[in-house]
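The values are calculated or read from the model by the stated rules, or taken from the named source; none is laboratory data. Note that the structure is a prediction, hence the values are computed from the model and not measured. So basically every Cβ, Gly included, is an ideal-geometry build from the backbone, and we count neighbours across all protein chains shown. When the accessible area is computed, the model is the full protein with side chains, heavy atoms only, and any ligands, DNA or RNA have been set aside. Shrake-Rupley method; radii C 1.70, N 1.55, O 1.52, S 1.80 Å.
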Amino acid sequence: MASINFKDIEQKVSRFWEDQKLNQPETGKGEKKFITAAFPYPNSPQHIGHGRTYTITDIYARYLRMKGYNVLFPMAFHVTGTPILAMADRIREKDEELLDIFERIYHISRKESEKLTDPKDLVMYFSKEIEQGMNEIGLMIDWRRKFYSFDVHFNKFIEWQFRKLKEKGLIMQGEHYIPWSIKLNSAVGSHDTKGDVDPQMEQVVAIKFKFNDGYLVASTYRPETIFGLTNIWVNPNIKYVKAKNKEGEILYFSKDAAEILSNQIDLEIISEVDGKEFENKKATNPANGEEVPLFPASFVKSDVGTGIVMSVPAHAPFDYVALRDIGKENLSVKIIEVGNYGMPAKDVVEKFGIKDQNDPKLEEATKALYREEAHNGKMLVYKKGLPVSKAKEEVKEMLIGKNQAFTIWIIANAPVYSREGDQIIIKKVNTQWFINYGDKEWKDKSKKLLSGMSVIPEDGRKEMMATMDWLDKKACTRAKGLGTKFPFDQSQVIESLSDSTIYMSFYTIADKIKEFKPEELDESFFDYIFMGKGKPKNKTHEEMRKSFLYWYPLDSRHSGWDLVKNHLPFFIMNHCAIFEDRMLPRQIVLNGFVLMEGKKMSKSFGNILPLRDAIREYGADVVRFSVVAGAELIEDTDFSVSVASGVRERLEYILDFMEKEEGEEEIIDRWINAKFNRKLESLESNYDKFELRQISLDFFYEFYNDLNWYVSRKRTNPRLNGIMRKWARIMAPIMPFIAEHIWREKFKNKGTIFSERMPKPEKYDEDVVRAEELVKSLNDDIERLMGIVKKKPNKIYIYIPEQWKFELFEDISRIREMKGIMKEASAKYNDNMEFVSRVAKGLGNRLYTMEKPIPRKIMEDQLRDAKAFFSKRFGVEVIVENEENSSNEKAKGSTPIRPTIYLE
RNA sequence: GCAGGGGUCGCCCAGCCUGGUCAAAGGCGCAGGGCUUAGGACCCUGUCUCUUUGGAGUUCGUGGGUUCAAAUCCCACCCCCUGCACCA
């Protein structure tokens, strides 16, 4: 088998494409298609997962080009946000973990990576790397339009966008809670934390218990259990404070808690209180006015919640065990009925066999009971029979309404530590800027647009609709990060999901805008280009307007499935807010991820396969094929060495037929042509619907199997050049290098294959295909029979049924109903009623669906043609005989859908 | 809690929208055979149960229903996964 030098082919073909300017469409020439994929964030080299979205986009671009469109597929780099800044900081701090990843996975030497302490250098390093990878994988990108989202020209564009949003009343200011690091003095995302943990926010209820001159504050997830309160836990070994809130109420917290919470609520600390001072005191339960004792507990942590814990031993395993440890478990008051528990917490603790407060199983027991009660619990007090899930909300509202409780935000997955080592807290920001995605009118217009767009796969539309339903105010600025300064507050930077919503329009002018100085890019400049307001400043300015009008609207937007809940709805909504109706996007195409040997790729698993490594190893076309052919569009696809090498080997096998001298035309040539043409019928619709998996099955895997069968049936040399010429064009979008190569080298064409059209299906003979199915099933039957007989026969007989049986089967396929068939048959085939009824019954359900049998002549020709094949395969003489010429009793059972075989 | 997705023959997964050709494609695994010094790779065959070509019986989360006919349509229930934002 010929081994292909992919590397040589890729380089040669790349050069040719460059000469042809295949990727540089002329503005205004013919009917256009403008397609984009989500631009990358260059904080690492791309891996094969990124390759999937881009490959799908490129396949579409090339396919559209082969349909005669003038196609623009541009690319840029999204550098907005903080992760790259954080990364540069870490490099400066010589973060061992990060440097190790750079060395091991990204193949960047320590020396080199230690130089990348300027965020800009990081951006340039990785973007160059990514750009090279995109070229190597064969993306038809028009690089003349490349830009970075921190480019000053782009900044001006984004400022323009935000002024437009503000004019429409979609920008607003208000208070907002965010995860915060005191040491970093900034909001934190996962990239700012130790171990890349994403800090999760959660709201809990803080209940006030009358105590002395003020209130003890205890936070809880389960306000409804307040009715089962028996005591309050305080830790005698930690420091507490007495503080005053805005309303002048005295509140007690642990000292740490007060410090953390002072970032959320206004607190004035009055004095420190020792934990021991709470001993032997009592506080009042606001829900029922009962006095409960304060008990000392070492498990109460100073920096969790408020440092004061309410105790409900009937329903909280922790509280039960803690009370049991001091011999007071009998205090439990049951307030929730659930399952067949007597005393829920007690029963669960005993079921889990928990010894004391320090038992690690306690956590598990708590979770189990909480879930059970939340789902199936019913209140015994307050409102008898009320489900716990409802009571939780009601009691919370009730307590807050009576000023007996308030809500606070906590880190749900605490403790999370920042890079600097301090614990992440929640801070309230009073002057946060928002985009108001909750605006009703805006939402409605956007949903209307979405319902008219093409979304592939269709499920994505539902998800985006649902997202738009709950979308509300979205914080759009932050204090730090690369990107564009917020025009209405220069201390803020526009956040990354907010500056990437209409950037596709910028591509249409990105090449020419560089001719202008930044200060020229004022309001009127963009108003003219994108809205047609006013007059052009000069010729270039006028051309930019034309370019926008030519390329927009966007014909197809491609991204991973994960952007469905954020970027894509923003993309749609911002287009609706800014542009005229005729400029709104037309299609969204979504795809799933790539798994590596069945596992999610991640830095921690160390199983990231960089795209360029994969290309070097397997060749660009094989990688392209492997990442798109293995699964349905939205499903995750698995990349594995065995898949890639399997693809490569099959490809080499198929290409092997290219140069062979052609043999004579035989029946089996009609067969392979028929099968090929049948698949061709659905080719274009499969491309249009992104059924790339189906195309790969049809024209790669199954085609490969067909070739195998074809070769085994063919007596003379293969005769496949006609098919192969078509095959190259069919596969060209998916495997462009190989396709271009064979188009020009093997078939000696001058131009590029991408100026050709997809082949159209020709008429074919369906009967030949069905007759060949018969040959295949006969082949299987003979094999099975020989296996059963366990003896090699002298001769194999195949009996072609008599003509009247073909007529009978035709009648059956027309009537498709037992009684009618028997009626018709008794008139026509009276002598053979026994055969007819046996056959008809034997058909079972197939009676309802049977197709017309193939003509006897065709069956005869095909089986006689296959004689040589059978003989060779089974090593014995094969005799194909007509039923009427045979004296063998077995021959009488032969039918048009299953000719009888007889082994002698 | 809210939203979205899903439960298929050892595993992964297609089919269900447009009911019948579905005992249910494909891949992996496993078994046998071929090829090889051997292993790997590759090729062929088998892989729900019973059955000497036919065929029969039980299957598609659970329980109902519609239909001549349901993995496919309808209803109820159980279980699992993902996301919930200021983060790219």
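Computed values, structure above
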| read-out | value |
| --- | --- |
| Solvent accessible area, Å² - A:His50, 1.4 Å probe, full protein context | 70 |
| Sites A:Glu175 and A:Glu851, calculated FRET efficiency, Cβ-Cβ separation with R0 51 Å, nearest 0.05 | 0.10 |
| Karplus-derived 3J(HN,Hα), 6.51/-1.76/1.60, for each residue of the stretch A:319-334, Hz, glycine and proline x | 5, 4, 5, 5, 5, 4, 4, 10, x, 10, 5, 5, 5, 2, 10, 7 |
| Positive-end extreme of charge dipole, chain A - chosen from A:Leu778, A:Trp743, A:Ala287 (charges on Cβ) | A:Trp743 |
| Ellipsoid semi-axes in whole angstrom, largest first, where each is sqrt(5λ) of the Cα gyration tensor of chain A | 66, 42, 26 |
| Spread of Cα-to-Cα distances over 5 Å intervals beginning at zero, given as percent, for the stretch A:232-362 | 2, 10, 17, 19, 18, 14, 10, 6, 3, 0 |
| Separation of the A:Ser109 and A:Ser271 label points, Cα + 7 Å toward Cβ, nm | 6.7 |
| Straight-distance crosslink candidates among lysines, where the alpha carbon sits under 21 Å from A:Lys852 and sequence neighbours closer than 8 are dropped | A:Lys675, A:Lys763, A:Lys776, A:Lys805, A:Lys819, A:Lys823, A:Lys828, A:Lys841, A:Lys892 |
| Extension gain (nm, one decimal) between A:Asp347 and A:Asp469, 0.36 nm per residue minus Cα-Cα | 39.6 nm |
| Degrees separating the helix A:803-815 axis from the principal Cα axis of chain A, which is the longest one | 30 |
| Principal-axis tilt of helix A:539-551 within chain A, Cα atoms, nearest 10 degrees | 70 |
| Across A:Lys428/A:Lys448; A:Lys156/A:Lys473; A:Lys67/A:Lys714; A:Lys32/A:Lys448; A:Lys12/A:Lys689, pairs whose alpha-carbon gap is larger than 29 Å | A:Lys428/A:Lys448; A:Lys67/A:Lys714; A:Lys12/A:Lys689 |
| Relative contact order of the stretch A:73-131, pairs being alpha-carbon contacts under 8 Å that are 6 or more residues apart, as % | 37 |
| Rel. contact order, % - alpha carbon contacts under 8 angstrom, at least six apart, the stretch A:533-664 | 22 |
| For the stretch A:1-128: rounded, prolate or oblate by the Cα gyration tensor [a/c cutoff 1.5] | prolate |
| Average Cα contact separation per residue, chain A, under 8 Å, 6 or more apart, as relative contact order % | 14 |
| Accessible area, probe 1.4 Å, largest first, for residues A:Glu329, A:Glu279 | A:Glu279, A:Glu329 |
| Net dipole in debye of chain A [+1 Lys, Arg Cβ; -1 Asp, Glu Cβ; about Cα centre; nearest 20] | 1320 |
| Three semi-axes of the equivalent ellipsoid, the stretch A:611-659, Cα gyration tensor, whole Å, largest first | 20, 13, 9 |
| Cβ-based charge dipole, chain A, positive-most Cα from A:Gly385, A:Ala257, A:Val217 | A:Gly385 |
| Inter-part distance where the stretch A:436-476 and the stretch A:566-613 are each reduced to a Cα centre, Å | 16 |
| Per-selection Rg to Rh, the stretch A:852-904 - Cα, Kirkwood hydrodynamic radius | 0.96 |
| Set of aspartates and glutamates near A:Lys600 by C-alpha distance (under 16 Å), chain-local residues within fewer than 8 positions excluded | A:Asp562, A:Glu635, A:Asp636, A:Asp638 |
| Sum of side-chain charges, A:Ile178 neighbourhood, beta-carbon under 11 Å (Lys, Arg +1; Asp, Glu -1) | +2 |
| Chain A: calculated mean residue ellipticity at 222 nm from DSSP helix runs of at least 4, using -39500 (n - 2.57) | -12500 deg cm²/dmol |
| Estimated FRET transfer efficiency (A:Glu441, A:Ser524; beta-carbon r; R0 30 Å; 0.05) | 0.65 |
| Sequence-distant residues sharing a close amide H with A:Leu595 (under 5 Å, placed H) | A:Thr637, A:Asp638, A:Phe639 |
| For the stretch A:451-506, the spread of Cα positions along each principal axis, largest first, Å | 42, 27, 16 |
| Out-of-range pairs (alpha-carbon distance over 24 Å; input A:Lys533/A:Lys565; A:Lys427/A:Lys603; A:Lys276/A:Lys328; A:Lys208/A:Lys334; A:Lys7/A:Lys746; A:Lys210/A:Lys244) | A:Lys533/A:Lys565; A:Lys427/A:Lys603 |
| Cα gyration tensor, the stretch A:381-508 - rounded (a/c under 1.5), prolate or oblate | oblate |
| Gap separating the Cα centres of the stretch A:370-409 and the stretch A:617-674, nearest whole Å | 61 |
| Computed P(r) (all Cα pairs; the stretch A:212-253; 5 Å bins; percent) | 5, 16, 24, 23, 20, 12, 0 |
| Over the stretch A:158-216: Kirkwood hydrodynamic radius from C-alpha pairwise inverse distances, Å | 16.0 |
| Antiparallel DSSP beta bridges within chain A, percent to nearest 5 | 70 |
| In sequence order, calculated HN-Hα J values of the stretch A:895-902 (Karplus, 6.51, -1.76, 1.60; Hz; x Gly/Pro) | 10, x, 9, 7, x, 6, 10, 9 |
| Karplus 3J(HN,Hα) series, Hz, for the stretch A:823-838 with 6.51 cos²θ - 1.76 cosθ + 1.60 (x for Gly, Pro) | 5, 4, 5, 5, 6, 8, 10, 3, 6, 10, 4, 5, 4, 4, 5, 5 |
| Overall form of the stretch A:474-580 per C-alpha gyration tensor (a/c, 1.5; a/b vs b/c) | oblate |
| The stretch A:802-876 versus the stretch A:321-348: alpha-carbon centroid distance in Å | 76 |
